[in-house]
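Working notes, structure below.
We did not get these values from a lab; they are worked out from the coordinates using the rules stated. Because the structure is a prediction, the values reported are computed rather than measured. All Cβ positions, even for glycine, are placed from backbone atoms using ideal geometry, and neighbour counts span all protein chains on display.
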Amino acid sequence: MGEPGTTAYAHLQDYMAVIRDPRRFDECLTVEPWQQPHLCLNGPRTGSRSGEAVHAWMLGQLRQIDGLHHVQQHAFAWPRFAPVHYALHVEDGQGGVFTPASYPWHFQGVTGPQGVRGELINLVDGSMLQRALAGSLEGKIAILGALRHIHASEENAERKLAALQRAGAVGAIYALPGPDNDIIAQNYDAALGTQALPTLIVGRQDREQLMAMQGLQATLIVDGQVQVSQSYNTYAFIPGRDNSRMIVIGTPMNAWFQAASERGPGVGALIYLARYFAEQARRVGPPPVTLAFVATGAHETMGFGLERALRCLDAQRVTAYVHLGTGLASRAYREENGVAVETGEPSRRRWIVVSENRALRSLATRAFQRLINAQGVGVVRAGVFNGSESRAPYAMNIPVVGMTGGGWFHHSPRDDETRLSVAYLDDVVVGFRNAIEALLEADPYALALGNLSADVLAALHELPGYGCPAAIEQP
């Protein structure tokens, strides 16, 4: 099989080849992508042909592994926002027009092909104080942004946008402090439906120029429609000597853009781990309990494929969930004169996440010891750091061990293979392999008993309540 990191990286590259294949990409909205690259940003977005292709590819990869059983894929209905055109044009008052690169915040609102026209107003962070000081927002296009990188939702961006719309704004421009002048796409819960304030995301440097253009007239276009679509969950199993118990290993498949450092390591590691434990089962016999490998869908639009998958697997059987999360092997960067410069070190924005479970924490710390020592990755409590998909098993009282974080290029169109390190990935994959081997030998009753504190905190993690879309075959 080769070294864990190298093997996982080879699968990562295959995943990226699927994403980059132009025949599978149906959201290129320009015939001149070299002139307007922001209108042709490839990525495995849910419901797109590229998004469907990565699920089909994963199914094919798992079917090729000798020793996996009941390899299957099920679809579930999920909406897709399909853009037709988007643009921002600002009249500079001297006969010229500033047209920065932009990207729509999906489901935040639409304008139709003609767009909306209004005066730019700078609201800095969109706070109540800023709105009060700004005066009337009627008919205006607001400029705002978050202070922290990655997730605008951490600063209640959706609520701020809704408040701007109620105050009369006709559009919004949003930016996050990402690398250089990159667009940083934002997740959205598609189940909430389309909101009323069309919003474009721009790079932070363009936002600064737009702030200096306050008071000028702008036209904002977000033309598109919500379509009936679907996403997928893919399953594969290694039957255990005790099929009443199960350990689940999972990772999401969909993303906004290239996502080499965001999604790629988890995808590559899932295939490596499935191959490794299938080979072990062929060589020495079935594992003590069943192993389930799950690749889930609709991640970036909060489809909670993992919740659906766990409902299909019967959460009562699951003794632990192992989460191959985001940014597992990301490089670190610093900013110099507005440009992201690699530091030569691993990203410090990564954490090993473990349920408040003394037995599980001890197991995880030993399993990831090499990673902790070599790369300075810390161990944190799941009740605080459980994000997005991994909230599901935690809220379902399943002990969780995983890894999450985000490199500097998280959600950026430039998140390619240069943003991660194979050497960093090797330590990560070895840690996950160690953790699964330890979980296979662990006493499931001790894990369940040790999870009492986490079970109490789990009541604070509300889930959408998605059910199993269709019965699956399993050991």
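Observations, loosely collected:
- Between the Cα long axis of helix 422-441 and the first principal axis of the chain there is an angle of about 50°, rounded to the nearest 10.
- Here the ratio of the Cα radius of gyration of region 83-225 to 2.2 N^0.38 Å is 0.94.
- Computed from point charges on the beta carbon alone (+1 for Lys and Arg, -1 for Asp and Glu), the dipole magnitude for the chain about its Cα centre is near 840 Debye.
- What the Cβ-Cβ distance of residue 226 and residue 452 gives, at R0 = 41 Å and to the nearest 0.05, is a FRET efficiency of 0.45.
- Loop sites in region 105-208: GluC sites (Glu not before Pro), DSSP, at most 12 other Cβ within 10 Å: 138
- Formal net charge of residues neighbouring residue 73 (Cβ-Cβ distance under 14 Å; K, R +1; D, E -1): 0
- Helix axis angle, 157-166 relative to the chain longest principal axis, alpha carbon, degrees: 30
- Calculated over the chain: convex hull of Cα atoms, volume per residue (Å³): 137
- Length gained on full extension, residue 214 to residue 84: 44.0 nm, using 0.36 nm per residue less the C-alpha separation.
- Loop-located chymotrypsin sites (Phe, Trp or Tyr not before Pro) in region 2-74 whose Cβ has at most 15 other Cβ within 10 Å (DSSP): 34
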